[in-house]
1. If you fit an axis through the alpha-carbon atoms of helix 56-67 and take the longest principal axis of the Cα set of the chain, what angle between them do you get, 0 to 90°, nearest 10?
2. How far is helix 4-29 tilted, in degrees, relative to the longest principal axis of the Cα atoms in the chain, given as a value from 0 to 90 rounded to the nearest 10?
3. Only loop residues by DSSP count here, and only those with at most 12 other Cβ atoms within 10 Å; note down the GluC sites (Glu not before Pro) in segment 27-75 that meet that.
4. To the nearest 10 Å², what's Ile56's accessible area with a 1.4 Å probe?
5. For Arg54, what accessible area in Å² do you get when you roll a 1.4 Å probe over the heavy atoms of the protein chains, rounding to the nearest 10?
6. Once the piece of chain linking Thr132 and Arg69 is laid out straight, how much longer is it, given 0.36 nm per residue of separation minus the C-alpha distance between them?
7. Pulled fully out, how much extra length does the chain show between Arg38 and Val98, if you take 0.36 nm times their separation in residues and subtract their Cα-Cα distance?
8. Roughly how many Å² is the accessible area per residue of segment 38-115, as a whole number, for a 1.4 Å probe?
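The values are calculated or read from the model by the stated rules, or taken from the named source; none is laboratory data. Everything quoted here is computed from the prediction, not taken from an experiment. Backbone-built Cβ (ideal geometry, glycine too); neighbour counts: all protein chains shown. Note: areas computed on protein heavy atoms with side chains; ligands, DNA, RNA excluded. Shrake-Rupley method; radii C 1.70, N 1.55, O 1.52, S 1.80 Å.
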Amino acid sequence: MADTETLVRGLADRAELADLVARHSLWIDEGRYDETDRLFTEDVVVRSPRGEARGIPALVELARSGHDRYQRTMHSKANLVIEVDGETAAVRAHDVAVFVIDDTTEALAAGVHRYRARRTGDGWRFDRLEVTPVALTEALGRAL
């Protein structure tokens with residue numbers, strides 16, 4: 001049986017990693033690119049259907065190239081599975097996103113995000129992200 005300190009540390013790690021996943025959605029949806037170093041390491045590697053990025057400048061460029069063309073986006077992540085192994089962690093999340101194309105049209109996407117994180121002097125940061133698409137719609141007419 002684990003001691004209290006180990007249990008509290010494990011819960012704190014999981015809470016911080018879950019918060020990073022939530023902040024990743026805000027980062028992309030609100031264009032908080034000035035906060036990139038609060039989420040990712042300098043040597044981050046990201047692979048997505050839009051391409052690959054190595055390092056923070058390339059990551060921001062990749063994110064902007066895929067999302068700046070929309071009036072708004074809204075990502076929602078769920079079903080987090082967090083596995084902490086000492087100073088590293090793996091986090092898996094389902095992501096469903098709405099891409100607002102214009103006042104009458106949007107598209108929907110779903111995918112699986114697989115993050116790898118490491119503990120740094122400033123807390124947990126993602127050093128790898130792989131996005132695997134599940135579904136993407138064409139433009140859809142808005143009912144509301």
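1. Helix 56-67 sits at roughly 40 degrees to that axis.
2. 20 degrees
3. Qualifying residues, ordered by number: Glu30.
4. Roll a 1.4 Å probe over it and Ile56 shows about 20 Å².
5. It works out to around 150 Å².
6. Values: separation 63, 0.36 × 63 = 22.68 nm, distance 2.11 nm.
Full-extension gain reported as 20.6 nm.
7. Details: separation 60, 0.36 × 60 = 21.60 nm, distance 2.44 nm.
The Arg38-Val98 span can extend by a further 19.2 nm.
8. Working: 4210 Å² over 78 residues.
On a per-residue basis, segment 38-115 sits at 54 Å².
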